[in-house]
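Participant: This structure is in structure tokens; I'll ask about it shortly.
The values are calculated or read from the model by the stated rules, or taken from the named source; none is laboratory data. Owing to the predicted nature of the structure, the values given are computational and were not obtained by experimental measurement. Counting neighbours? That spans all protein chains shown, and the Cβs are built from the backbone with ideal geometry, glycine included.
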Amino acid sequence: MTLQVADSYQIEIGSITQKHFDWLRGKEYAGWIVFADDNTVIDCLPLIEHYLPEGTPVVVAPEGELNKHLGTCQELWEAMFEAGVGRRWCAICLGGGVLEDMSGFVASTYKRGIDFLQIPTTLLSMVDSSVGGKLGIDFNHVKNSIGVFNDPVAVWIDPAFLKTLSAREVRSGYGEIVKHALIADREQWEAVKTITKLEEVDWSTIIPASVNIKREVVLEDPFEKGLRKSLNFGHTIGHAIESFWLETEDRLFHGEAVAAGMIMESWLSTQLDSLSGDDLEEITTYLLKIYGHQAVPESAFGQLLTLMRQDKKNEDSRINFTLLSAPGSARVNATAEPDMIVAALRWYNGLG
């Protein structure tokens, strides 16, 4: 399946074959370089390395959100210089959301930018981070606060890579699929909420539907001036609690934090928008069934509010949210006062 993203690039969903790399050779780059991480160099590179020209340099970045910072970028830039990478090269980014965000950013800034290709290897990166050209790194404990908008030359999504993931990583990526349905497609939400066993999902049908929702949003608003902000549903609170727990033993994966954020922001939607109590109960029950519950310490509320105030989505001193008017219908640029956000956190804690 091929999805066109404006005139700039295509997303291809299906098995990666020789024809994909023949297409890349046809672009006559001076060379290719592969970015992988500690996991994908072992689990995923063997699935494609026989298509690569002999001697293609492979640069391995440390895995995980904790390494998504300028220090790692410097190491990748230095490796590119050592490999002799020039302006007419192409970087192949083979990894999950962290690797793709960071290596795409590195490629986009190296010698004022070289082309890059994304091969997402996690469910999260397949349905979310590989679509839309948002690239960047974390800075000063704020997620994705340094970055650029820049499109890849192509995105190749092969569900076969999902076999390399743990059940928890699949569950994390699934959170973005739920989000896409809730903000933009009630019919898709009706289908998604019947899924209870992720190990039995036919990803070949679920992934294209979710990718297409994000694709349509990005096409209408490529630089996040309006509609694209709807993709932030669950992320204002979700990013804050993800950052808070990042360096603790109770660390949450991105999708787990966003799932908790969606529950709390759905509650805010009943207070500040028109989401019904029945819809709130349905959303909450479903997400708790898939993701469980991890209470947020009251002692952390102040720190979480500080993190939310630093969120890049804010346009002034107020904390910006995307709220649900109903499943499948989102309202962007909503704001909530700190006491209302604290009330949402306390309400969520009471669910456990």
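Participant: Any idea how many residues of region 188-208 are within 16 Å of Gly328 (Cβ to Cβ), not β-branched (Val, Ile, Thr) and not in a loop (DSSP other than H, G, I, E, B)?
Facilitator: Residues that pass the stated criteria total 4.
Participant: Within region 206-222, can one find any residue that is under 15 Å from the mean Cα position of the chain (by Cα) and of a type in the set (Ser, Thr, Tyr)? Reasoning before the result, please.
Facilitator: Kept after step one, since they are under 15 Å from the mean Cα position of the chain (by Cα), are these residues of region 206-222: 207, 210-215, 217-218.
Still in the running and of a type in the set (Ser, Thr, Tyr): 210.
The answer is yes; a qualifying residue exists.
Participant: Now, a different point. I'd like the residue in region 56-86 that is over 25 Å from Thr164 (Cα atoms) and without any contact (Cβ under 8 Å) to a residue 40 or more places away in the chain and, out of all such residues, is farthest from the chain's Cα centre (by Cα).
Facilitator: Here the answer is Glu82.
Participant: What are the pairs, 6+ residues apart or on separate chains, where a residue within region 211-234 that is touching a residue at least 60 places away in the same chain (Cβ under 8 Å) and buried (at least 16 other Cβ atoms within 10 Å of the Cβ) has its Cβ under 7 Å from a residue that is in a loop (DSSP other than H, G, I, E, B) and of a type outside the set (D, E, K, R)?
Facilitator: The qualifying pairs are Val211/Val131; Lys214/Val131; Lys214/Gly132; Arg215/Val131; Val218/Val131; Val218/Gly132.
The rows are residues; the columns are (1) in contact with a Cys (Cβ under 9 Å, 6 or more places away or on another chain); (2) of a type outside the set (A, V, I, L, M); (3) closer than 20 Å to Thr205 by Cα.
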{"site": "Ile92", "(1), (2), (3)": "no, no, no"}
{"site": "Val98", "(1), (2), (3)": "no, no, no"}
{"site": "Ser129", "(1), (2), (3)": "no, yes, yes"}
{"site": "Ser145", "(1), (2), (3)": "no, yes, no"}
{"site": "Phe149", "(1), (2), (3)": "no, yes, no"}
{"site": "Thr164", "(1), (2), (3)": "yes, yes, yes"}
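Participant: Could you please give the count of residues in region 252-274 that are in a loop (DSSP other than H, G, I, E, B) and surrounded by 23 or more Cβ atoms within 10 Å (Cβ to Cβ)? Explain how you work it out, then say what you get.
Facilitator: Start the filter on region 252-274 by keeping residues that are in a loop (DSSP other than H, G, I, E, B), which leaves 252-253, 273-274.
Remaining after also requiring surrounded by 23 or more Cβ atoms within 10 Å (Cβ to Cβ): none.
The qualifying residues number 0.
Participant: Determine whether Gly104 is in contact with a His (Cβ under 9 Å, 6 or more places away or on another chain) and not hydrophobic (A, V, I, L, M, F, W, C).
Facilitator: No, not satisfied.
Participant: Anything in region 291-325 that is assigned to a loop (DSSP other than H, G, I, E, B) and touching a Lys or Arg at 6+ places or on another chain (Cβ under 7 Å)? List them, or say none.
Facilitator: Residue satisfying the conditions is Lys313 alone.
Participant: Is there a residue in region 176-187 that is touching a His at 6+ places or on another chain (Cβ under 9 Å), at pLDDT 95 or above and assigned to a helix (DSSP H, G or I)?
Facilitator: yes
Participant: Does region 154-162 include one or more residues that are in contact with a helix residue (DSSP H, G or I) (Cβ under 9 Å, 6 or more places away or on another chain), part of a loop (DSSP other than H, G, I, E, B) and of a type in the set (A, V, I, L, M, F, W, C)?
Facilitator: No, every residue in region 154-162 fails to be in contact with a helix residue (DSSP H, G or I) (Cβ under 9 Å, 6 or more places away or on another chain), part of a loop (DSSP other than H, G, I, E, B) and of a type in the set (A, V, I, L, M, F, W, C).
Participant: Give region 136-180 a look and list any residue that's polar (S, T, N, Q), in the same structural domain as Gly14 (by TED's automatic domain parsing) and either under 19 Å from Glu224 (Cβ atoms) or crowded, with 17+ Cβ neighbours inside 10 Å (or both), or say none.
Facilitator: Once the filter is applied, which keeps residues that are polar (S, T, N, Q), in the same structural domain as Gly14 (by TED's automatic domain parsing) and either under 19 Å from Glu224 (Cβ atoms) or crowded, with 17+ Cβ neighbours inside 10 Å (or both), region 136-180 yields Asn144, Ser145, Asn150.
Participant: If I go through region 42-82 residue by residue, how many of them are under 24 Å from Arg251 (Cα atoms) and either crowded, with 17+ Cβ neighbours inside 10 Å or not aliphatic (A, V, I, L, M) (or both)?
Facilitator: 13
Participant: Go through (1) of a type in the set (S, T, N, Q); (2) closer than 21 Å to Leu162 by Cα; (3) loosely packed, with under 15 Cβ neighbours inside 10 Å for Asn39 and report which single condition fails.
Facilitator: Looking at each condition in turn, Asn39 falls short on (3).
Participant: Moving on. Consider Glu242 carefully, then state whether it is touching a Gly at 6+ places or on another chain (Cβ under 8 Å), outside the structural domain of Asp138 (by TED's automatic domain parsing) and not hydrophobic (A, V, I, L, M, F, W, C).
Facilitator: So Glu242 does not fit the description; no.
Participant: For Asp339, state whether it is among the charged types (D, E, K, R), exposed (fewer than 15 other Cβ atoms within 10 Å of the Cβ) and not in a helix (DSSP H, G or I).
Facilitator: Working: among the charged types (D, E, K, R): yes; exposed (fewer than 15 other Cβ atoms within 10 Å of the Cβ): yes; not in a helix (DSSP H, G or I): no.
Against the criterion (among the charged types (D, E, K, R), exposed (fewer than 15 other Cβ atoms within 10 Å of the Cβ) and not in a helix (DSSP H, G or I)), Asp339 does not qualify.
Participant: Looking only at region 106-119, decide whether some residue is closer than 19 Å to Asn232 by Cα and either of a type in the set (A, V, I, L, M) or at pLDDT below 95 (or both).
Facilitator: Checking region 106-119: not a single residue is closer than 19 Å to Asn232 by Cα and either of a type in the set (A, V, I, L, M) or at pLDDT below 95 (or both).
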